[in-house]
Each structure stands twice: as structure tokens, then as C-alpha cells.
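The next block holds one structure in the form of C-alpha cells; read it before the comments.
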Amino acid sequence: MMRLHMTQSLAFFLLTFCCAAGDTTAENSSVTCWTRWFDENRPNINGESELLSELRAKFPGLICSNPIGIAAENTKGLSAAEAKNNVQLNASVGLICLNKDQTGSQCNDYRVKFLCSGQFCTECQTKWLNAYTTRDNRGEYELLCLLRQKFLTDMCKEPIAIQVETASGQSVTSTGDVIKLFDADNGFACLNEDQNGKSCQDYKVRLTCPLDYCTAPRECRTVWFNSDHPSKDKAGDNETLAHIRNKYPGQMCEAPTSIEASTWSGLLPYLTKDVIEHYDISNGFLCLYDHVPQNTCMDYYVKFSCPADFCGAGCRTPWFNVDKPTMNGDFETMDKLRKDFGDKICSNPIGIEARTVGGVPASETGQLFDTYDATFGLACVNKKQVSGSPCLDYEVRFTCPFQFCAGTPCA
């Protein structure tokens, strides 16, 4: 695949543009590959579905035009047959499971992947991206460095080729604009000073990427958390985000994209008789006794889907220790940290870790934290320790978006 380095020559642009990505071949090759797993929906009172049309709409470019196969499994890795569910599984439609078609159980929560062939198995395309409309009235810029700042998880690190059209869908050649830059290494640029008195159009770009961009997961899942157990002397089962972060510091992302809950035996919440107070990514999961007719709650486990950055695609800062324990506790709060280490901490951390100065993870000290998140930092208050022991001396570090460590060359 050619990589184009366009200059001011419009004739050269017209000659080479026809070779850019976008010319597709029929998907009849013997080369086959699987997409990544997709899990868009959760079971409801009617059942569960993972429809190809809905998945294409949310994940443009990540599924081939004509899948030749489909596979499905539930959240425990079991096939529909192993889960004893009766499902409709079709590569052209997706997965449909209706509760009314089940004999002994309700529909499980499923994820699906598709078998593809042909060109999709060697390369794939992103969705259309439009990072910048104008820049100081100098022109239109869709540079890769700008695109990475705005669409980091929507584009690959090393594009193979680039396509460009106007925001309204017109070809570049139809605009008459003189193009300054057009290549897969740098992106696209149109300068107003080259346009003989008129301004550049608003453009959007689409990148052709290696296959692993389409098959790699865009998010990851946490472990199952069980931060609380129901008992007669408590209000219910509390698996809220605040409760989980306090008990499992550093193991929960700041902005989960989905949540799953299940009893230890595998029952989904809607299959129990419990009335759930909260079950969402903003609060987590909470079952209260006073809303449950039989005055009990089952013991629930929860896990979350998190952005890929949380799982390691981002980068970590050095360890910071801005405070020493006092009679009140140990406070490694963000306001204190930014005063001493402002330029070493990104403006929007996506994760936080803490350990003692001796290297013991915070989760293993047995101490409780008043605050432990990437927005506010860590606060350990002596009077809130059940053991009666004073807070230890902690240090923290943060996970930041990748571009914070890589730099932003578009200043």
C-alpha cells in the first residue's frame, strides 16, 4: 500500500489519489479472520440480542461487510448450548435469544464475534474523523497528531493509508482546493493562502489500519468484585463504586463503560426476587432490605468494563509522596500533589495506585481510605481506622492517557 507525501502539486495529487485506501476487493479470498468480541446489550425482560446492524452502527469499520460465520459465548465463556439456552445465531443477523423460547432458564448475557474473509483480514478502516474545522483562519488541518489528541482510541498508531473528503461527503478533487499535505504518516492540511482568495473546505479523514486495530479490544474487564456480604444487621448488599474503590484500591477505573452483576450461583439480578436500588455505571450495584418483600438480599458479585487505557494502553507517572503521616492521618491529595508536581501529572488521570513507602500495596494494608480516586487523590484518616492503628506513610502514582507521555507535537 502506497504512502503518499503530497506537496503543492495538484496534478501529482490527482495522479496518486486513486491508489489510496478505499479500493476494496471482493471478500472471496481464502484468507479468513475473526473480529474482536462485541457485547453491546444486556439481558432484559424479553431476552438478549447482539444484532449485526446495531453493532455496525456503534463500531464502524470493525466488522466486515459480509461475515461468513459467527460465534457466541456468555460472560462465563460458555456457548449457548452449554448454557442451555435456545438462541438464533446467524452471521447476517447476529444473535437473538428470547426468554419465551427457553425451557429451564432465562437468556444469558452474550458476546459475539464474526468470521470475515478477504481484504478485511489484512487491513481495516476507522470511522470518519474530523478533528479541526479551522485554525486561526489559516486553513483546515486533519493532522495525525491532532487526531490522536481527540480520537486516541478510535485510530491506530501507524495508519497504512488515508482517505479524505469534505464534511458533507464531496471528493477532494471536486472542491478545487490546493492541498498542502496528504499522507498517512502526517495527515491532511489545506492552507487558505494557497487558495487564490477563497478558504479551504471543512474536511474529514478515514484511516486504513493494520488488522490488529479491528481485532484488538477497545476496553477491558475488571475481576469480579464482592466488597460486601448481606447480613441481618446490615441494610443489604452494597457493591457501589465508592465501596468497591475503598476495598479494592487501584483495581477499579474512574469511568466504567458497563457493569455486570450476578449472584455466586450465576443468577442475573432480574431473575431473582430482589428489588435493586442501583444498577448502573454511575453508582454501581445496591440491594436494600427495605425494598425486598422477604427482607433479604442475595450475595452479589459485580464486574465492570473499563476503557483500554486503564488496562495498560496508557502510561504511568512516577511515585509521589507529598505528605507524611500526622496525628490526623496521611493525605496525598491532588491539590497538594499539583502544587509540588504539577507538570508531572496529567490534567485528566484515568487511574490511581497507592502503596506504602516500603512498597506494600494499599489493598494489602487493611486500612480504610476516606478518599482514593484519580480525581482527588488519597486520604487516610486515623480516626476512621477500625484497627486503631494510625495511617501508614503512602505514596501514589497515576495512569494517564497515552498522549501525556508521548507528548503533543501539534502545539
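General observations
- Yes/no for C97 being buried (at least 16 other Cβ atoms within 10 Å of the Cβ) and assigned to a loop (DSSP other than H, G, I, E, B): no
- Filter pass, K204 being basic (K, R), modelled with pLDDT of 85 or more and open to solvent by 30 Å² or more (accessible area, probe 1.4 Å): yes
- Inter-residue pairs, beta-carbon under 6 Å, first within 8 Å of G47 (Cβ to Cβ) and in segment 92-105, second outside any strand (DSSP E or B) and open to solvent by less than 20 Å² (accessible area, probe 1.4 Å), 6+ apart: C97/N85; C97/C107; N99/C107
- Selection of first residues in segment 356-383 that are open to solvent by 30 Å² or more (accessible area, probe 1.4 Å) and of second residues that are modelled with pLDDT of 90 or more and in a helix (DSSP H, G or I), restricted to Cβ pairs under 7 Å at least 6 apart or on distinct chains, gives the following pairs, ordered by first then second residue: T375/M334; F376/M334.
- Residues in segment 211-228 include at least one that is over 30 Å from R36 (Cα atoms) and not hydroxyl-bearing (S, T, Y).
- Segment 157-193: number of residues that are open to solvent by 10 Å² or more (accessible area, probe 1.4 Å), modelled with pLDDT of 90 or more and within 23 Å of T215 (Cα to Cα): 1
- Flag if E48 is of a type in the set (D, E) and either assigned to a loop (DSSP other than H, G, I, E, B) or closer than 18 Å to C116 by Cα (or both): no
- Pick from segment 384-404, criterion closer than 25 Å to M327 by Cβ and β-branched (V, I, T), ranking: surrounded by the fewest Cβ atoms within 10 Å (Cβ to Cβ): V386
- In segment 52-68, the residues that are hydroxyl-bearing (S, T, Y) form Cβ pairs under 8 Å with partners that are assigned to a loop (DSSP other than H, G, I, E, B) and open to solvent by 20 Å² or more (accessible area, probe 1.4 Å), at six or more places apart or across chains, as follows: S65/E27.
- Yes/no for Y141 being under 21 Å from the mean Cα position of the chain (by Cα) and among the hydroxyl-bearing types (S, T, Y): no
- Restricting L62, L55, L89 to those that are within 21 Å of the chain's Cα centre (by Cα), surrounded by 15 or more Cβ atoms within 10 Å (Cβ to Cβ), of a type outside the set (F, W, Y) and not in a loop (DSSP other than H, G, I, E, B) reduces the list to L55.
- Residue within segment 323-330 that is crowded, with 18+ Cβ neighbours inside 10 Å and without any contact (Cβ under 8 Å) to a residue 40 or more places away in the chain present: yes
- For segment 139-164, a residue qualifies if it is closer than 30 Å to P307 by Cβ and in a strand (DSSP E or B), and the qualifying residues are E140, Y141, E142, L143, A161, I162, Q163, V164.
- Flag for D154 being over 24 Å from K76 (Cα atoms), open to solvent by 40 Å² or more (accessible area, probe 1.4 Å) and at pLDDT below 80: yes
- Some residue of segment 208-223 being of a type in the set (D, E, K, R), open to solvent by less than 70 Å² (accessible area, probe 1.4 Å) and modelled with pLDDT under 75: yes
The values are calculated or read from the model by the stated rules, or taken from the named source; none is laboratory data. Quick caveat, the model's predicted, so the values are computed rather than measured. Note: ideal-geometry Cβ built from the backbone for every residue, glycine included; neighbour counts use all protein chains shown. To get the accessible areas, we keep the full protein, side chains included, count just its heavy atoms, and leave off ligands, DNA and RNA. Shrake-Rupley method; radii C 1.70, N 1.55, O 1.52, S 1.80 Å.
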